[in-house]
1. Kindly list the number of the only condition in (1) more than 11 Å from the ligand (Cβ to nearest atom); (2) closer than 21 Å to residue 149 by Cα; (3) within 24 Å of the chain's Cα centre (by Cα) that fails for residue 77.
2. When the residues of segment 1-23 are filtered to those that are closer than 23 Å to residue 331 by Cβ and modelled with pLDDT under 90, which remaining residue is farthest from the chain's Cα centre (by Cα)?
3. Tell me the residue from 259, 247, 294, 251 that is under 23 Å from residue 379 (Cβ atoms), in a loop (DSSP other than H, G, I, E, B) and in contact with a helix residue (DSSP H, G or I) (Cβ under 8 Å, 6 or more places away or on another chain), please.
4. Which ones in segment 103-126 are within 23 Å of residue 54 (Cβ to Cβ) and either within 10 Å of the ligand (Cβ to nearest atom) or not in a helix (DSSP H, G or I) (or both)?
5. So which residues in segment 194-219 are in a loop (DSSP other than H, G, I, E, B) and either in contact (Cβ under 8 Å) with a residue 60 or more places away in the chain or touching a helix residue (DSSP H, G or I) at 6+ places or on another chain (Cβ under 6 Å) (or both), if there are any at all?
6. So for segment 236-251 (the condition being within 21 Å of the chain's Cα centre (by Cα), surrounded by 23 or more Cβ atoms within 10 Å (Cβ to Cβ) and over 17 Å from residue 305 (Cα atoms)), does at least one residue qualify?
7. Does any residue of segment 64-74 turn out to be within 22 Å of residue 257 (Cα to Cα), within 12 Å of the ligand (Cβ to nearest atom), under 24 Å from the mean Cα position of the chain (by Cα) and at pLDDT 95 or above?
Ligand code: SF4
């Protein structure tokens, strides 16, 4: 999650009012507790937040070598140091919500500023968001989590115009005409044709290999919930690409979904899925970085992986809506990590896609896009965008001197990062023509 920033640093065309909720979005925190565990990193936190947390409990937070940042501490069971047996937050219970670090207060919300107002989006790697009886989300309910002390939304993403593909950027008002029927169809429980017609697993540039990617995910498991999610996604990819039948790894998050399942009647799994897609589209997080075309290829690939995991969860006896919600959470944990965000720019758009049949026969790639997992590559409740990541710092001379192995890894990553921007632009130039007429 990108750090929230104040409105003063934004472009003039961006507006923070009105605050907008996607029609159909539903949420209430049911206290399932998953978001306070190692399904993602609990931090980073600021120095001020560190001091405040340590005044409450000196063991509650500190420098984390793996993340190379200030983080809340987790216990042996993977839960936050402050997560109590009844799954309430001790900081919140004893000192009020404002005593929690910003990332904790915000989750699962985030804000995308647009020329038409501030959109409140929600992450779905939390069963409170996707299962059980939930009231319609309102601005009033979300505001305490997403606003600064003056009541202004803190912005995580901002989008002025929408790039459909290279050399095809449209004003935001025009995008709204394209977006509205898509959101309406999703709200009716149907996946629009424009998302169904694109093949998953488009070929990767630079020798990238989904199979190598999947094997690296599986090999990088570390005993955390995030590590289990890596195994699930890796297995799904291998299964989809015909590499081997999928297994069903451990589900250390299952207790949170057990609780969520008891909070209401079953819903149609299609609704769980279309609600997720609608939020992905509505959030416009992708538009800060990618074209709509790349978003579609990325989403198609994630949906294929979700469907594979959902089928396995159902085979294990999971209720149908729960299987969909659980598969979405697993996929989102990986999709928000550097593992996935470094993969998406390598997707070659417009080329013959659906590597599902061709990939296993391809020559093993010389170079993998995947790096070994570090905790820093996990998604976090909060990420301070202005602060260099561990990866960026690893390339600094002082750090390089500390470890030859780390230096080589950093140099390789930097070379890859430099080439990514060029690749992205090349990809976009080969992009498929979007059939706008199908949208309006
Ligand atoms: S401090 Fe944050 S992560 Fe820890 S229990 Fe409280 S809300 Fe959860």
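The values are calculated or read from the model by the stated rules, or taken from the named source; none is laboratory data. Being a predicted model, the structure only gives us computed values, none of them experimental. Cβ: placed from backbone, ideal geometry, glycine included. Neighbour counts: every protein chain shown.
1. Exception for residue 77: condition (2).
2. Taking segment 1-23 and keeping what is closer than 23 Å to residue 331 by Cβ, we get 1-2, 22.
Still in the running and modelled with pLDDT under 90: 1-2.
On the way: 1: 7, 2: 10 Å.
Checked segment 1-23; the qualifying residue farthest from the chain's Cα centre (by Cα) is 2.
3. Working: 259 fails: in a loop (DSSP other than H, G, I, E, B); 247 fails: under 23 Å from residue 379 (Cβ atoms); 294 fails: in a loop (DSSP other than H, G, I, E, B).
Only one candidate passes the filter, namely 251.
4. Restricting attention to segment 103-126, the residues satisfying the condition of being within 23 Å of residue 54 (Cβ to Cβ) are 103-107.
Result: 103, 104, 105, 107.
5. So the first thing to find is which residues in segment 194-219 are in a loop (DSSP other than H, G, I, E, B), and the list is 197-203, 205-209.
Within segment 194-219, 198, 199, 200, 201, 202, 203, 205, 206, 207, 208, 209 meet the criteria.
6. no
7. Our first condition is that a residue be within 22 Å of residue 257 (Cα to Cα); within segment 64-74, this holds for 74.
Narrowing further to those that are within 12 Å of the ligand (Cβ to nearest atom): 74.
Narrowing further to those that are under 24 Å from the mean Cα position of the chain (by Cα): 74.
Filter once more, keeping what is at pLDDT 95 or above: 74.
Looking through segment 64-74, at least one residue is within 22 Å of residue 257 (Cα to Cα), within 12 Å of the ligand (Cβ to nearest atom), under 24 Å from the mean Cα position of the chain (by Cα) and at pLDDT 95 or above.
This table checks each residue for (1) within 23 Å of residue 293 (Cβ to Cβ); (2) at pLDDT 95 or above; (3) over 22 Å from the mean Cα position of the chain (by Cα).
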position: 135; (1), (2), (3): no, no, yes
position: 138; (1), (2), (3): no, no, yes
position: 142; (1), (2), (3): no, no, no
position: 147; (1), (2), (3): no, no, no
position: 159; (1), (2), (3): yes, yes, no
position: 163; (1), (2), (3): yes, yes, no
position: 169; (1), (2), (3): yes, yes, yes
